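Data block below; observations after.
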There are 2 protein chains.
Amino acid sequence: MDKKIRIKDIARMAGVSAGTVDRVLHNRGNVSDDARIAVEKIIEQVDYRPNMHVSSLSLKRRYKIAVTTPQYSSGAYWESIHNGIKHTLDEYENIKVEYHVFTYNQYDIYSCREVFEKISRFEMDALIIGTTFREETIKLCSKMDERQIPYIFVDSSVDECKPLAFFSADHYMVGRLIANLITSITPKGSNIGLLQAVRTGDSSAYTTILRKKGFTDYLSEMKSMNQVLKIPFSVSQPEDNERHLSHFFKNHKNVPGIVVMNSRGSIVSDYLYNNNMDNVKMICMDLTTPNIEAVKKGHIDLLIGQGPEYQGFYAMKTLLEYLIFKKPVTIQNFVQLDIITKETVDYYKSF
Amino acid sequence: MDKKIRIKDIARMAGVSAGTVDRVLHNRGNVSDDARIAVEKIIEQVDYRPNMHVSSLSLKRRYKIAVTTPQYSSGAYWESIHNGIKHTLDEYENIKVEYHVFTYNQYDIYSCREVFEKISRFEMDALIIGTTFREETIKLCSKMDERQIPYIFVDSSVDECKPLAFFSADHYMVGRLIANLITSITPKGSNIGLLQAVRTGDSSAYTTILRKKGFTDYLSEMKSMNQVLKIPFSVSQPEDNERHLSHFFKNHKNVPGIVVMNSRGSIVSDYLYNNNMDNVKMICMDLTTPNIEAVKKGHIDLLIGQGPEYQGFYAMKTLLEYLIFKKPVTIQNFVQLDIITKETVDYYKSF
DNA sequence: TGTATTTTTGTGTACGTGCACAAAACTATA
DNA sequence: TATAGTTTTGTGCACGTACACAAAAATACA
């Protein structure tokens, strides 16, 4: 167990005082080239890893961080992301963070524009963005670029933007995964039902496109004979869904498997249960409270988790460590995909 | 964001000095009943959570912790447990821990006895036990009980012992999970091959018994018509396995699915691949390096992980927090079960 | 060369906790 | 009441880091 290297050690090795090392580490300037080079050389050699918890202890600065996501209710997907973020603040409890939440209606583009407008003018050190509306996000980000405010994406990234980092599932791979699983648990060449949101304000479209591409690519690569049947579904008029579903199943008698690529799976599974169609296999996304219940009861067979708590946690953690400790950042961060069954759901841990 | 309560605050509230609060918190004695009660009362009221990283900073004591597991090679299951343990020491880098590893040959009971004998007399503050031989473990634990040295199990627990805690998969549920998955991905009523270790010194027998019970319970509860066919397999004579396998498949032509309840899955998957039997579905345990490779190549369909790094990490973390901060301990800790496919294996994170 | 100004460097303190040691308050005994 | 011994209490330092401020060195300018 080799001894831990401290600032004082670096100072001694470089023949300067601890204050100078500190100035180099935080590039506060007012250091002669000679001293700076000497210190940098030593830092290269030894692997100095600052004790972050002690740092934060003596940190005076306050940080102001904004977070914007769609509105969320209890037990929903976006809530988990917020929980993850709060968990970071909990861990670094002595860092003084002002944490501002901006939510908008993800089915109302005007609400999004209004909120993003507000954020554009908001005074802050950094921003975490839960992406949904694509064009609006691009606009917001270019504003942030202009103002030199770093931002991190959660849930999904937007190619046109230059975030400090993003934390999201590899949505294309999610699609492939779902295809693999549904073809594995249904007889060869089965019809597969796919829940398809009827476009409203058309929000998280890009994510869904990627997933669907993964899904169909997998099927065609495997030369599967499965037919994919779209089940229409409305977020804005939930009262219509019962009708959509019964209409679908009236026209399609032989559908042994259904996949839902958004978090609304429990709506379908509830329908199946209420209509004694337990033999239909279901794969859904996200561990929302209703989905978890459906898995426990066996109405959903497989649930795919994309670690929203993890995403929020690491987004905030990365941000703080970047702001405070200048820690280098990995831009692309694909999170783990969790496959949950009735047997494993009780042991699932978000952190 | 309500202000953090410090020792100094408690002292002020209780009308004593910080030193007295410290003595109460660590029950170091030499405190009058009056003062003790006053302090305890305040501690009840406010929820004081010590800043552990600062504590460890000013901690003078050294701790001596022993770990015993079977011998392990690179990329193997037990190595991951050790990695998890090391990760804790990494996180609490300023706690002075002497960390002693005792490994034995898990297929040689005499080796185990010899090592446990040594541990029985070893001077230490706590012990982490990776359980395999049952009777030997019970004996070792009773010795530890006598010496009042706390111990924590990883991988699996032993009912007869009184550990401070254990971190393990719910092995019965692992069995049920595997049964669910294999019956889901094979046609109804298929024959299922089950790799069966021919008894050597008979080591991790109990774990396997639990898993098998879960497996068969599930099948009978589901009134499945699947026949379970045992495939013999030898750990001590690996050169025999090729023969075992070809013998098995000569006698059983129709086996669309095989499950392996230990970490040796890649042995079977390699055989299947080499003999052009790719259509046989495989479910195996543990993310060992060869198993991961087999999943990536598609030779293993589903891999079940029991978070060995997590087990090791939390075992050590729990121990340190118990020893140093008297943190209350949850005895029973069942870890998350991870289901890994070709699509998710690259995104799997141990921590 | 001397003084003012700027740049560079070093020192000291705070943060929250553990622990050693000194100080104070009791208790026992003559 | 005085003295010695014991228990209880308070104080101060260390840990590693950030940051303010003082000190020193370098530079500019008369």
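The values are calculated or read from the model by the stated rules, or taken from the named source; none is laboratory data. Every value quoted in this text rests on a predicted model; they were computed, and no experiment measured them. Heads up, the Cβs are rebuilt from the backbone with ideal geometry, glycines too, and the neighbour counts pull from every protein chain shown. Heads up: the accessible areas ignore ligands, DNA and RNA and are worked out on the full protein's heavy atoms, side chains in. Shrake-Rupley method; radii C 1.70, N 1.55, O 1.52, S 1.80 Å.
Using 0.36 nm per residue, how much length does the chain from A:His252 to A:Lys297 gain when fully extended, once their Cα-Cα distance is taken away?
Going from the current span to full extension adds 13.7 nm.
Lysines within cross-link reach of B:Lys281: Cα-Cα under 17 Å, excluding same-chain residues under 8 positions apart?
Result set, ordered by chain and number: A:Lys188, B:Lys188, B:Lys230, B:Lys253, B:Lys296, B:Lys297, B:Lys342.
Given the options B:Lys86, B:Lys118, B:Lys230, which has the most mean-square fluctuation in a GNM of chain B, springs set between C-alpha atoms less than 10 angstrom apart?
Result for chain B, Cα springs under 10 Å: B:Lys118 fluctuates most.
Going by alpha carbons, how many degrees (0 to 90, nearest 10) lie between the helix axis of B:77-91 and the longest principal axis of chain B?
20
What nm distances, shortest first, do you get from the label point of A:Gly15 to those in the other copies when the point sits 7 angstrom along Cα to Cβ?
From this label point to the equivalent ones elsewhere in the assembly: 6.1 nm.
As a test of the definition: with a 1.4 Å probe, what buried accessible area, both sides summed, do you compute for A against B, in Å² to the nearest 100?
That pair hides around 3200 Å² of surface in total.
Which pairs break 19 Å Cα to Cα here: A:Lys349/B:Lys317; A:Lys3/A:Lys317; A:Lys64/B:Lys3; B:Lys327/B:Lys349; A:Lys60/B:Lys3; A:Lys4/B:Lys96?
Among A:Lys349/B:Lys317; A:Lys3/A:Lys317; A:Lys64/B:Lys3; B:Lys327/B:Lys349; A:Lys60/B:Lys3; A:Lys4/B:Lys96, the Cα-Cα distance tops 19 Å for A:Lys3/A:Lys317; B:Lys327/B:Lys349.
Checking the a/c ratio against 1.5 first, then a/b against b/c, what shape does the Cα gyration tensor give for segment B:7-49?
Values: a/c = 1.44, a/b = 1.39, b/c = 1.03.
In terms of gyration-tensor shape, rounded.
From the label point of A:Asp346, set 7 Å from Cα along Cα→Cβ, how far away are the matching label points in the other copies, in nm, ordered shortest to longest?
3.6
Per-residue ellipticity at 222 nm for chain B, helices alone: DSSP H runs ≥ 4 residues times -39500 (n - 2.57), over residue total, nearest 500 deg cm²/dmol?
Value at 222 nm, helices only: -14000 deg cm²/dmol.
GNM on chain B, C-alpha springs below 10 Å: top fluctuator among B:Ser234, B:Ser74, B:Ser142?
The residue that fluctuates most here is B:Ser74.
With the cut-off at 1.5 for a/c, could you classify segment B:171-305 from its C-alpha gyration tensor as rounded, prolate or oblate? Don't jump to the answer; show the numbers that get you there.
Values: a/c = 1.32, a/b = 1.13, b/c = 1.17.
Rounded is the answer for segment B:171-305, as its axis ratio a/c remains below 1.5.
I'd like the carbon and sulfur percentage of the solvent accessible area for chain B, probe radius 1.4 Å, heavy atoms only, ligands and nucleic acids excluded.
The nonpolar share, carbon plus sulfur, comes to 49 percent.
Hey, can you list the residues from segment B:37-53 whose accessible area shrinks by 20 Å² or more with all protein chains present, relative to the chain by itself (probe 1.4 Å, no ligands or nucleic acids)?
B:Arg49, B:Asn51, B:His53
Relative contact order for chain A: what percent, with Cα pairs under 8 Å and sequence separation of 6 or more?
About 17 percent, as a whole number.
Using a 1.4 angstrom probe on protein heavy atoms only, which residues from segment A:314-351 are buried by at least 40 Å² of accessible area when all chains are present rather than their own chain alone?
With the partner chains in place, segment A:314-351 has these residues losing at least 40 Å²: A:Phe334, A:Gln336, A:Leu337, A:Ile339, A:Glu343, A:Thr344, A:Tyr347, A:Lys349.
Under a Cβ-Cβ limit of 4.7 Å, which cysteines in chain B have nobody to pair with?
Unpaired cysteines in chain B: B:Cys112, B:Cys284.
Arranged from highest to lowest average of other beta-carbon atoms within 10 Å per residue, in what order do the peptides B:28-40, A:274-286 appear? Could you put the intermediate results ahead of the total?
Numbers: B:28-40: 13.4, A:274-286: 18.2.
Ranked by mean Cβ neighbours within 10 Å, highest first: A:274-286, B:28-40.
Would you mind working out the accessible area per residue for the protein assembly as shown, using a 1.4 Å probe, and quoting it in Å²?
Per residue, the protein assembly as shown has an accessible area of 48 Å².
How about segment B:89-175: which chymotrypsin sites (Phe, Trp or Tyr not before Pro) there are in a DSSP loop, with at most 12 other Cβ atoms within 10 Å of their Cβ?
Sites meeting the loop and neighbour criteria: none at all.
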